[in-house]
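Okay, so here's the structure we're looking at.
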Amino acid sequence: MNIIVCIKQVPDTTEVKLDPKTGTLIRDGVPSIINPDDKSGLEAALKLKDDLGAHVTVLTMGPQQAEVALREALAMGADRAILLTDRAFAGADTWATSCTLAAAINKIDYDLIIAGRQAIDGDTAQVGPQIAEHLKLPQVSYVEGLKVEGSSLILKRVFEDRYHLVKVKTPCLITTLKEMNEPRYMSVGGIIDAYREKEIEVWNLKDIEVDHSNLGLKGSPTKVKKSFTKGVKTAGKLYEVGHKEAAKIIVEKLKEKYII
Amino acid sequence: MNFNLTKEQIMLQQLYREFAEKEVKPLAEEIDEKEMFPIETVEKLVRYGFMGIPFPKTYGGAGGDAVAYTMAVEELSRVCATTGVIVSAHTSLGAVPIYEFGTEEQKQKYLVPLAKGEKLGAFGLTEANAGTDAAAQQTTAILEGDYYILNGSKIFITNAGYADTYIIMAMTDKSAGTRGISAFIVDAETEGFKIGKKEAKLGIKGSATCELIFENCKIPKENLLGKEGKGFGIAMKTLDGGRIGIAAQALGIAQGALDATVSYVKERKQFGKPISYFQNTQFQLADMATKIEAARLLVYKAAYKKDTNQPYSKDAAMAKLYASEVAMEITTKAVQLHGGYGYTREYAVERMMRDAKITEIYEGTSEVQKMVISADLLR
C-alpha cells in the first residue's frame, strides 16, 4: 500500500500572539510544528506501515524552511519526503494550494492520500477535499478511526453528535482529526537518519504539470481584505462566590442570553 | 570555532525535551517517593532509541555520538535525575566498554542487545574496601579450564537487579597489583550470581543501587573483556567516558532547578510584589544561569573531544568536577529562593538538591577528578 500524507508546517499557535494593530500573527520567534491534524494523519499512515508494510511519502508545499517538518516526519518513520517549493507557489489560497498539491500527487503512486482536517493557522478545512476533487477521488473527511479491509477502508467519520462508519474503496482521500491518535515521538536513530541518510526531494514548478493560472497569489480567487481582532464589547463582571453559587450564576446568565 | 548546535542536534534536543516533559517528568516525584525503578519509562526509552545513542546502527545503536548522548542525559536529568543515571550507567558503563574493548563476537552477543535496549547494562568496580582506591580489589577470578571462577562482591552498583549484562572487574593475579585486574562480561543468569542488599539513599531514589555477590560463578573464558591484566585500564577509560554522562546529569539537575526557581520567583509574592522584583533574587538567578552555562560548555566540549578522537580524560574530569559542584550549589540556592516551601516535598527543588549530591561522589569523587586534572598538569 502506498500512502501519501500531505502535511503543513504551521506556527505553534499555542505560543503565537496577535499584533493588535494589524491583526496578523506575530510569527517571529514562534516555533514551527507539523499541523496537529496532519501529524495524526501521519501517525495513522505509520501504523499502517507497522502493520501492513505500507510505504509512506510525506508531501508539503511551502518555503525552504518547511524542510524541517519533512525531516521530523522522516524521523518519525516516513519513507520519502517531497518539498514543493517555488516562488510561483507563494501566496496561494486553498484553491491554488490544492491545484499545486494535486499536480504533484499525479506524479506519485498511491492507494491512499491522507490530509489533516484543517491547519491551525487557517482553519479552512478545504485543501484536502479540493485535492480529492481535482483527482476525481472518493473522499471521506473528519476521520477518527481507520481499518483496512482488503482493498477497502472502514472509516469512522465523526460529527458533533454522532459518527458514521463508511466503507470506501481505495484509491481515495481522507482527512483526519488530531483526536484520532497520539502521534509517536521521533526516534533518536530516526533523526540521525533523517539528516544523514535520507534526502528531501525538492520539486519546483518545472517538476509538475499544472495550469499556471492556478498558481500562487495570482491564481488565488480568495482575497483577504482585512483581518482584525474582535474587540471586547462590554466589561466582564467578577463574582467571588463558591463553586455551587458560581454554577447557578452561569446557568442563569446562559438562559438569559438564550444560549441554553 | 563554532558554538552552534547543528540542525540534527537541535531536533534531537527537541525530541529529548518533549519526551522528558511528557513521559519522564510526570513520574519523577512518585519514583523518588516510592523508591521505584521506572520500568515503564525504560521501555519507552528503548522504543525511541535512547538506550543506544552513541553506537553505530550496525551494532543496534542509533548511530549518534557522545554529544547526542550527553544532551539526552542532560534533558532527562533536567526533569528526573534517576532516569538520567539509568541511561548513563547503562550506556557509558555497561555498553561502552564492550564497544571499545570487546571482540567482534562479544559485540554481536552482548553489545547489540544492549544498544537496542533489549538488555540493560551495569558495571561493577567498587567494593567495600575498594572505592577511590579502586586497585584494592578483593574479588577474584581464577582460570579453571574453559571458565574463570569468580568470587567476591561489589557494592553501590547502579541498575543492579534490573541489568542483564554486567561488566565486572576482578583480580586474576593478586600479586600483580593493578596489572592483576581483569574485566569480565557477566550474564545476570550466571549461577552463583546474586543481588545483595539494596541501598536506601539520600537521592536518585528510583535508581536501583545494590550489592552484587559472586559465589563460584563460572564465567566462560570468552567473556574476558580485553586481555588478562588489562582490566584496570579498561575501568579507568570507561570511567573517563562515564564522567561525561554524570557531568551531563549534574548539568541537567542544575538547569532543572533553575527552571523551577525562575517560575517560582515570578509567582511568589512577599512585601506586596513577586520576589523576582528584588535585586537579591535577580543577582542569584544571574549567577546560577552563568555557572550552568559554563558547566554546559565544559560538558559539551568533553563530549566533542571524545567524538573527534582527541584525548579527553582531563576534560571529562573538569566537566564532572565543575558540573557536579555547580549542581550542588544551584540546587541549594534554588531551595533557599523557594524558602520554607523549598524544603518540602511539595516542590521539585527539594528532590533536586538531594539528587545533586551523588554527582560529586559517584564515578569518581570530586577529589578523584582533581587528582586526574592535576596529574595531567604535573606530568
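General observations
- Residue within segment A:189-204 that is out of contact with any Gly (no Cβ under 9 Å at 6 or more places or on another chain), within 14 Å of chain B (Cβ to nearest Cβ), in contact (Cβ under 8 Å) with a residue 60 or more places away in the chain and of a type in the set (Gly, Ala, Ser) present: yes
- Near pairs, Cβ below 6 angstrom, 6+ apart or cross-chain, from segment A:1-23 (without any contact (Cβ under 8 Å) to a residue 60 or more places away in the chain) to any residue that is outside any loop (DSSP other than H, G, I, E, B) and surrounded by 17 or more Cβ atoms within 10 Å (Cβ to Cβ): A:12/A:33
- Scanning segment A:84-101 for residues that are small (Gly, Ala, Ser), on the phi < 0 side of the Ramachandran plot and surrounded by fewer than 22 Cβ atoms within 10 Å (Cβ to Cβ) turns up A:88, A:90.
- Checked against the criteria, residue B:82 counts as touching a Pro at 6+ places or on another chain (Cβ under 9 Å), part of a helix (DSSP H, G or I) and more than 12 Å from chain A (Cβ to nearest Cβ).
- Flag for residue A:150 being out of contact with any strand residue (DSSP E or B) (no Cβ under 7 Å at 6 or more places or on another chain) and either buried (at least 17 other Cβ atoms within 10 Å of the Cβ) or within 14 Å of another protein chain (Cβ to nearest Cβ) (or both): no
- Some residue of segment A:116-126 being within 14 Å of another protein chain (Cβ to nearest Cβ), out of contact with any helix residue (DSSP H, G or I) (no Cβ under 6 Å at 6 or more places or on another chain), more than 18 Å from residue A:59 (Cα to Cα) and surrounded by fewer than 19 Cβ atoms within 10 Å (Cβ to Cβ): no
- Of all residues in segment B:269-281, those that are free of Cβ contacts under 8 Å to residues at least 24 places away in the same chain have Cβ atoms under 6 Å from Cβ atoms of residues that are in a helix (DSSP H, G or I) and surrounded by 14 or more Cβ atoms within 10 Å (Cβ to Cβ), 6 or more apart or on another chain, in B:276/B:265.
- Members of segment B:180-199 that are more than 24 Å from the chain's Cα centre (by Cα) and surrounded by 15 or more Cβ atoms within 10 Å (Cβ to Cβ): B:180, B:190
- Screening residue B:110 with (1) out of contact with any strand residue (DSSP E or B) (no Cβ under 8 Å at 6 or more places or on another chain); (2) in contact (Cβ under 8 Å) with a residue 60 or more places away in the chain gives one miss only, at (1).
- Those residues of segment B:1-53 which are in a loop (DSSP other than H, G, I, E, B), of a type outside the set (Val, Ile, Thr) and either exposed (fewer than 15 other Cβ atoms within 10 Å of the Cβ) or more than 10 Å from chain A (Cβ to nearest Cβ) (or both), in sequence order: B:1, B:2, B:3, B:4, B:5, B:34, B:35, B:36, B:37, B:38
- Inspection of segment B:115-122 finds a residue satisfying the criterion of being of a type in the set (Gly, Ala, Ser), within 28 Å of residue B:251 (Cα to Cα), part of a strand (DSSP E or B) and modelled with pLDDT of 95 or more.
- Hits in segment B:309-332 (condition: basic (Lys, Arg) and either crowded, with 23+ Cβ neighbours inside 10 Å or touching a Ser or Thr at 6+ places or on another chain (Cβ under 8 Å) (or both)): B:320
- Residue that is surrounded by the fewest Cβ atoms within 10 Å (Cβ to Cβ), among those in segment B:251-281 that are within 19 Å of residue B:25 (Cβ to Cβ) and polar (S, T, N, Q): B:263
- The residues of segment A:219-260 that are surrounded by 10 or more Cβ atoms within 10 Å (Cβ to Cβ) and touching a residue at least 24 places away in the same chain (Cβ under 8 Å), listed by number, are A:219, A:220, A:222, A:227, A:228, A:229.
- Selected residue [under 14 Å from the mean Cα position of the chain (by Cα), at negative phi and either within 14 Å of chain A (Cβ to nearest Cβ) or not in a helix (DSSP H, G or I) (or both)] from B:143, B:76: B:76
- Matching option when the condition is under 30 Å from residue B:351 (Cβ atoms), surrounded by fewer than 24 Cβ atoms within 10 Å (Cβ to Cβ) and touching a residue at least 60 places away in the same chain (Cβ under 8 Å), among B:202, B:212: B:202
- Condition met for residue A:182 (outside any strand (DSSP E or B), within 14 Å of chain B (Cβ to nearest Cβ) and either among the acidic types (Asp, Glu) or more than 20 Å from residue A:43 (Cβ to Cβ) (or both)): yes
- Filtered residues of segment A:41-80 (kept if of a type in the set (A, V, I, L, M) and within 14 Å of chain B (Cβ to nearest Cβ)): A:46, A:66, A:68, A:69, A:70, A:73, A:74, A:75, A:76
- Among the residues listed as B:363, B:350, B:367, the single one being modelled with pLDDT of 95 or more, touching a Leu at 6+ places or on another chain (Cβ under 7 Å) and either assigned to a helix (DSSP H, G or I) or buried (at least 16 other Cβ atoms within 10 Å of the Cβ) (or both): B:363
- Taking each residue of segment B:156-179 that is surrounded by 24 or more Cβ atoms within 10 Å (Cβ to Cβ) and looking for partners that are part of a loop (DSSP other than H, G, I, E, B) and of a type in the set (Phe, Trp, Tyr) with beta-carbon atoms closer than 9 Å, six or more apart or interchain, yields B:158/B:362; B:159/B:37.
- Top-ranked residue of segment A:169-188 - restricted to ones that are over 14 Å from the mean Cα position of the chain (by Cα) and within 21 Å of residue B:48 (Cβ to Cβ), ranked as surrounded by the fewest Cβ atoms within 10 Å (Cβ to Cβ): A:182
- Residue, surrounded by the most Cβ atoms within 10 Å (Cβ to Cβ), within segment B:370-379, restricted to residues that are assigned to a helix (DSSP H, G or I) and not polar (S, T, N, Q): B:372
- Hey, residue A:38 of a type in the set (Asp, Glu), surrounded by fewer than 24 Cβ atoms within 10 Å (Cβ to Cβ) and away from chain B (no Cβ under 14 Å) or not: no
- Restricting segment B:54-73 to residues that are of a type in the set (Phe, Trp, Tyr) and more than 16 Å from residue B:10 (Cα to Cα), the residue that is farthest from the other protein chains (Cβ to nearest Cβ) is B:59.
- The residue list A:163, A:142 contains one member that is more than 20 Å from the chain's Cα centre (by Cα) and among the aromatic types (Phe, Trp, Tyr), which is A:163.
The values are calculated or read from the model by the stated rules, or taken from the named source; none is laboratory data. Computed from a prediction, not measured in an experiment: that's the story for all the values here. We place every Cβ from the backbone using ideal geometry, glycine too, and count neighbours over all the protein chains shown.
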